[in-house]
């Protein structure tokens with residue numbers, strides 16, 4: 001396997017993906033040959049900052065944008081699965097465009113799970129430096145689902161599987177030997193002993209007990225209004241959030257532009273920036289590449305850690 005080469009997809013060609021990729025690669029790897037980056041996107045968008053592989057024509061329509069976005073992801077996954085690259089970094093895509101192109105996947109994470117056949121995947125938002133100093137890492141136990149579905153989806157099994165996945169990644173990818181993980185409660189004040197729901201008693205507490213019996217240093221459930229502050233203060237290495245927005249609101253408040261989305265559970269490394277397509281900024285030249293730069297740095301770091309671990313175990 002190539003331990004030092006990454007495939008980077010440009011994302012939706014109508015968004016800022018091509019611009020931030022070009023800026024990030026130019027900044028990180030100026031005049032370096034051979035390039036550790038392979039760019040993948042549609043005809044006519046080659047930013048000429050690294051080797052480029054075209055996956056077809058973009059005709060300007062939303063369906064075509066979804067098609068070329070998906071084809072780039074599929075190609076990057078194929079290269080990673082065959083060992084030609086050690087990981088992939090994905091530019092932002094537009095979920096309605098995916099749907100217009102005939103893809104049922106609600107987002108990158110679900111598409112990557114389908115393409116690889118991974119049994120379990122996790123969506124980890126990681127910022128090694130935040131606006132107030134320390135790192136913040138937040139795993140979203142449920143991802144792109146309607147809020148009304150969350151209480152039924154957040155099961156004891158889900159919490160155990162996701163937290164275990166997170167613990168393994170913190171050890172292998174971040175080098176944290178004994179990760180300290182907090183489970184964020186679902187209800188206000190962690191339900192105040194059943195006043196505002198019973199999920200904490202019925203689901204979260206048994207999950208924490210099971211995790212601790214398995215050797216995972218898990219604590220909780222801890223109310224959402226304090227758990228992220230405690231993690232930022234250094235008490236926890238990561239937080240498991242029960243649903244998308246409770247985790248993302250806290251995460252982006254302290255790390256927007258510096259955060260990285262890391263998909264856990266895949267047979268290769270995958271990261272992406274913490275922002276979307278930003279159609280309003282596309283073509284203006286004002287898009288900030290900071291998060292894309294960090295996504296590439298984190299992917300390369302994780303790939304090195306995994307490669308070193310595998311080499312040691314071989």
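Some points to look at:
- So residue 289, is it buried (at least 18 other Cβ atoms within 10 Å of the Cβ), in contact (Cβ under 8 Å) with a residue 12 or more places away in the chain, more than 23 Å from residue 74 (Cα to Cα) and in the same structural domain as residue 164 (by TED's automatic domain parsing): no
- Test: residue 158 is surrounded by fewer than 18 Cβ atoms within 10 Å (Cβ to Cβ) and closer than 27 Å to residue 267 by Cβ: yes
- Hits in segment 1-16 (condition: closer than 21 Å to residue 86 by Cβ and in contact with a strand residue (DSSP E or B) (Cβ under 8 Å, 6 or more places away or on another chain)): 5, 6, 7, 8, 9, 10, 11
- Condition met for residue 198 (farther than 20 Å from residue 295 by Cβ and in contact with a strand residue (DSSP E or B) (Cβ under 6 Å, 6 or more places away or on another chain)): no
- Scanning segment 171-215 for residues that are modelled with pLDDT under 95, under 19 Å from residue 126 (Cα atoms) and buried (at least 17 other Cβ atoms within 10 Å of the Cβ) yields a count of 2.
- Residue check, residue 153 within 24 Å of residue 225 (Cα to Cα), outside the structural domain of residue 293 (by TED's automatic domain parsing) and either free of Cβ contacts under 8 Å to residues at least 40 places away in the same chain or surrounded by fewer than 18 Cβ atoms within 10 Å (Cβ to Cβ) (or both): yes
- Residue match in segment 247-260 (condition: within 12 Å of the chain's Cα centre (by Cα), assigned by TED's automatic domain parsing to the domain that holds residue 140 and either part of a helix (DSSP H, G or I) or surrounded by fewer than 22 Cβ atoms within 10 Å (Cβ to Cβ) (or both)): yes
- Matching residues in segment 226-245 - criterion: being touching a helix residue (DSSP H, G or I) at 6+ places or on another chain (Cβ under 8 Å), buried (at least 23 other Cβ atoms within 10 Å of the Cβ) and assigned to a helix (DSSP H, G or I): 228
- Qualifying position, being surrounded by fewer than 19 Cβ atoms within 10 Å (Cβ to Cβ) and within 30 Å of residue 158 (Cα to Cα), among 104, 76: 104
- In the set (1) under 27 Å from residue 94 (Cα atoms); (2) in contact with a strand residue (DSSP E or B) (Cβ under 7 Å, 6 or more places away or on another chain), residue 276 fails one condition alone, (2).
- Selection count where residues are touching a residue at least 12 places away in the same chain (Cβ under 8 Å) and closer than 26 Å to residue 177 by Cβ, scope segment 206-227: 13
- Those helices (runs of 4 or more DSSP H) lying entirely in segment 142-225 with at least 1 residues touching a helix residue (DSSP H, G or I) at 6+ places or on another chain (Cβ under 9 Å) and over 21 Å from residue 246 (Cβ atoms): 156-174, 205-213
- Residues of segment 283-314 satisfying the condition of being in a loop (DSSP other than H, G, I, E, B) and at pLDDT 90 or above: 284, 285, 286, 287, 288, 289
The values are calculated or read from the model by the stated rules, or taken from the named source; none is laboratory data. What you are looking at is a predicted structure, and each value in this text was computed from that prediction instead of being measured. Neighbour counts are summed over all protein chains in view; Cβ atoms, including those assigned to glycine, are modelled from backbone coordinates with ideal geometry.
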